[in-house]
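Below is one structure; the comments refer to it alone.
The values are calculated or read from the model by the stated rules, or taken from the named source; none is laboratory data. Here the structure is a predicted model, which means the values were calculated and not measured. Reconstructed Cβ throughout: ideal geometry from the backbone, glycine too, with neighbour counts over all protein chains shown. Just so you know, the surface numbers come from the protein's heavy atoms only, side chains and all, with ligands and any DNA or RNA stripped out. Shrake-Rupley method; radii C 1.70, N 1.55, O 1.52, S 1.80 Å.
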2 protein chains.
Amino acid sequence: MSQGAAFAELDIRLDRTSSVPLYHQLATSIEQAITSGELAPGDRLENELSLTNRLGLSRPTARQAIQELVKKGLLVRKRGVGTQVVRSQFRRDERLSSLNEDLAKAGRVPSTRLLDFTVGPLADDVRDALDATGVTEGDFVTIRRLRLADDVPLAILTNYLPARFEIARSDVEDGLSLYGHLATLGVNLKIAHQRISARLMDDEEAGLLDSTPPAACLTVERTAYDDVGQFVELGRHVYQAAHYSIQSSLVV
Amino acid sequence: MSQGAAFAELDIRLDRTSSVPLYHQLATSIEQAITSGELAPGDRLENELSLTNRLGLSRPTARQAIQELVKKGLLVRKRGVGTQVVRSQFRRDERLSSLNEDLAKAGRVPSTRLLDFTVGPLADDVRDALDATGVTEGDFVTIRRLRLADDVPLAILTNYLPARFEIARSDVEDGLSLYGHLATLGVNLKIAHQRISARLMDDEEAGLLDSTPPAACLTVERTAYDDVGQFVELGRHVYQAAHYSIQSSLVV
């Protein structure tokens, strides 16, 4: 590793007589450096131009190698920073809990940016999602927050709650827990039904989650009820998949 | 809807005096046709060229509208077919069960293509994933299968099992259930630890899953043990996110 450069210069050996494509040899070398710990999470990768010049490769070859590792989830491209080794994923237990509190327990520093706080009738697609609950009329509070862990954007959380719950903008600003506030109102969450899937981030989401499109996100749609069976909230959560996974144990 | 065309010609009205961009007006019209059922899951969307000519739009405008709905997960581009309304997702309960059996129960017709069946030592990345199990030495059976539902590719399932289990290629061909075969060997799965995340498909995965890159997949890594606490298998599953979601209920 060169200390002078802002990135590590890996010892990469390419075999030009091999039938293995050069981009794949390069990708394998970088992957080994990550696996061995020579490149640690958060480390910057030598940039394309430097790899190209130093190893006598074409630019598309270097790019293809990096792209392969981005797809594998080992590297991540960041605007204004370059290509970095991904930080290890935050592995979160599948529970009905506050992301904020779960992050703090895991030794991460959570922070929040309130993106939207509005009160009004539901948009059609949200109304459709709530059809099964029977609670679609009247005003709803829509809260949209960006949640960060150690200053890295992790999730965009959108919650829809009937406006009869007393929630003010100040109750969910500055990383305050929505579930915590509901508890102070005497609302105790009891059960949630959730659906987990994935899709591509749209451009706005990618911007908020500090990702260069195309990028994949993990999506969770959750409908939560309190201990007297009353509908409390619909949550639509978009997680930066490179940094987040859900873990659970299944018993037969 | 015109019966002559291979796709529906929607009644789309654009307001050129509006400050709403034309691409967004077009996307909204198409989305309403999907929401209302005018366009049903599996229906082909009128192609870009036809939209362009019929509505007097530029090609980039039509493309941007379609792209917006692809990102929202409402449309899917398919090689050789065009743009289709996505079929509704297969919502699978989070249980330790056979995908084959779950599909059949849901009224889908499951089928399988065996992609790989090999016996040998583990690759480094698989060995790392199995570190916690203490079972990494000796030969392993690697089984890689493409699973389809109603002839639509749904998942690429890769399983790694110690070779001491008697598993032959013929035991997992033709849609036979791996878990079913294990049961005939007296191996009863009891508990699994799993981790759910998402990433972009690589080109090979996109090809197998009939998707045009960039496309997102839902990933599940599962380590399963039997009723005497013995390690049975590591599963690495890649699901076509447009067609698949995992549902569960959480209780406080």
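For this structure, a couple of remarks:
- Label point of residue B:207 (7 Å along Cα→beta-carbon): distances to the other copies' equivalent points are 3.7 nm, sorted ascending.
- Total buried accessible area between A and B, probe 1.4 Å, nearest 100: 3400 Å².
- Accessible surface calculations at 1.4 Å, restricted to protein heavy atoms, place chain B at 46 Å² per residue.
- Extension gain from residue A:212 to residue A:36, taking 0.36 nm per residue of separation minus the Cα-Cα distance: 60.7 nm
- Between this copy and the others, label points of residue B:119 are 7.0 nm apart in ascending order, each placed 7 angstrom from Cα in the Cβ direction.
- What you get for the stretch B:22-85, charging only the Cβ of Lys and Arg (+1) and of Asp and Glu (-1), is a dipole of about 300 debye around the Cα centre.
- Only helices enter the 222 nm calculation for chain A: every DSSP H run of n ≥ 4 contributes -39,500 (n - 2.57), and dividing by all residues gives -7000 deg cm²/dmol, rounded to 500.
- Between residue B:44 and residue B:95, the simple spin-label model (points 7 angstrom out along Cα→Cβ) gives 3.9 nm.
- Fraction of accessible area attributable to carbon and sulfur, the protein assembly as shown (%, probe 1.4 Å): 48
- Taking all protein chains together and rolling a 1.4 Å probe, residue A:166 ends up with roughly 140 Å² accessible.
- The stretch B:80-154 and the stretch A:209-252 have Cα centres separated by 22 Å.
- Accessible-area loss of 10 Å² or more (1.4 Å probe, protein heavy atoms, chain alone versus all protein chains) is found in the stretch B:222-246 for B:241, B:245, B:246.
- Most fluctuating residue given options B:173, B:46, B:204, as computed from a GNM of chain B linking Cα atoms under 10 Å: B:204
- Fraction of antiparallel bridges per DSSP, the protein assembly as shown only, in percent to nearest 5: 90
- Reduced Cα scattering model of the protein assembly as shown, Debye log10 I(q)/I(0), q = 0.10 Å⁻¹: -0.92
- Cβ-vector label at 7 Å, residue A:131, separations to other copies in nm: 4.8
- Value in Å of the Kirkwood radius, where chain A supplies the Cα pairs that are averaged: 20.5
- Take the Cα of residue A:183, step 7 Å toward its Cβ, do the same at residue A:17, and the gap between the two points is 6.8 nm.
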